[in-house]
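Each remark here refers to the structure printed beneath this line.
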Amino acid sequence: MVAIDAMLLNQSPLTLHRGNPMSNNTSLTRLLNSAFIGSLLTIVVLASMSPSVSQAYAAVDTAIKKITLPASTITLPKSALPGYNLALQKCTICHSVDYIHHQPPGMDQKAWTSAVLKMQHSYGAPLSESDIKSIGAYLSVVYGSAKVDDPTIISASQLPISAPPSDKALDVQVLLTNNGCTGCHDINKTIVGPAFKAIAKKYKSDTGAISKLVVSIRNGGTGKWGNMAMPPMNVNDKQAQALAEFILKQ
């Protein structure tokens, strides 16, 4: 096989003829054939010198080591600023606090707000304009040089006034999206938090299920489904109850 390949490769150099397409086609065909056979020759030679492909894969497989990374111990600094709860709720659904903690030092309010805005524009974080300003203000206070009583911090931390509760049915899908619920939960499968169907199954025979879920949704918690903490959701009692009822129907 090697001798034949070598013989076929020992052809005259490629010559292109001006104005003669047929000759050019023949020359190009000869080049392509030579390239293919050359590649085949390389494979044959390498195969004769190396272990089989299956042996190589087996060697790689045995070299793989499985490790379990330790849980992150860094937490967001507590603050009375509304951006604190928003950061817990909407930032940690995508990344750990380490990502925030290791940002460049000395970032001011404008830089932090721009960083949060990037999360919305580039990665689709479920953040409103007021969320971005509020989180940026909070981060610039706890990680930067801004002060809680700075006029710009106070202004950015003003949450929009919620409309008074009405008898109109709430759109649960809007609540799920706006509060980042679907970043951690799916109806059928576990993501970060348990599937809604798994929650519904757990509380199926619990007569106090709705009130328990309302408390968990509003206050957050940990330990019910492992060590992963659920941040408090920025919803009122009526909204929390609508979410709880939706989950328990799955």
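Couple of notes before you dig in:
Residues checked against (1) at pLDDT 85 or above; (2) more than 20 Å from Lys249 (Cβ to Cβ); (3) outside any helix (DSSP H, G or I):
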{"residue": "Pro194", "(1), (2), (3)": "yes, no, yes"}
{"residue": "Lys201", "(1), (2), (3)": "yes, no, no"}
{"residue": "Ile210", "(1), (2), (3)": "yes, no, no"}
{"residue": "Arg218", "(1), (2), (3)": "yes, no, no"}
{"residue": "Gly226", "(1), (2), (3)": "no, yes, yes"}
{"residue": "Pro232", "(1), (2), (3)": "no, yes, yes"}
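- Within the range 229-250, residues that are closer than 23 Å to Leu159 by Cβ sit with their Cβ atoms under 8 Å from residues that are among the basic types (Lys, Arg) and not in a loop (DSSP other than H, G, I, E, B), at 6+ positions apart or across chains, in these pairs: Pro232/Arg218; Met233/Arg218; Val235/Arg218; Asp237/Arg218; Ala240/Arg218.
- The listed residues are Asp149, Asp108, and the only one of them that is in contact with a Gly (Cβ under 7 Å, 6 or more places away or on another chain) and farther than 27 Å from Met230 by Cβ turns out to be Asp108.
- Scanning the range 136-155 for any residue that is within 21 Å of the chain's Cα centre (by Cα) and β-branched (Val, Ile, Thr) turns up nothing.
- Within the range 177-213, the set of residues being β-branched (Val, Ile, Thr) and either within 23 Å of Lys238 (Cα to Cα) or in contact with an Asp or Glu (Cβ under 6 Å, 6 or more places away or on another chain) (or both) comprises Thr177, Thr182, Ile187, Ile199, Thr207, Ile210.
Rundown of residues vs (1) surrounded by 14 or more Cβ atoms within 10 Å (Cβ to Cβ); (2) under 24 Å from the mean Cα position of the chain (by Cα), yes/no style:
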| site | (1), (2) |
| --- | --- |
| Gly193 | yes, yes |
| Ala200 | yes, no |
| Lys204 | no, no |
| Gly208 | no, no |
| Leu213 | yes, no |
| Thr222 | no, yes |
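The values are calculated or read from the model by the stated rules, or taken from the named source; none is laboratory data. Everything numeric in this text was worked out from a predicted model, so none of it was measured. Reconstructed Cβ throughout: ideal geometry from the backbone, glycine too, with neighbour counts over all protein chains shown.
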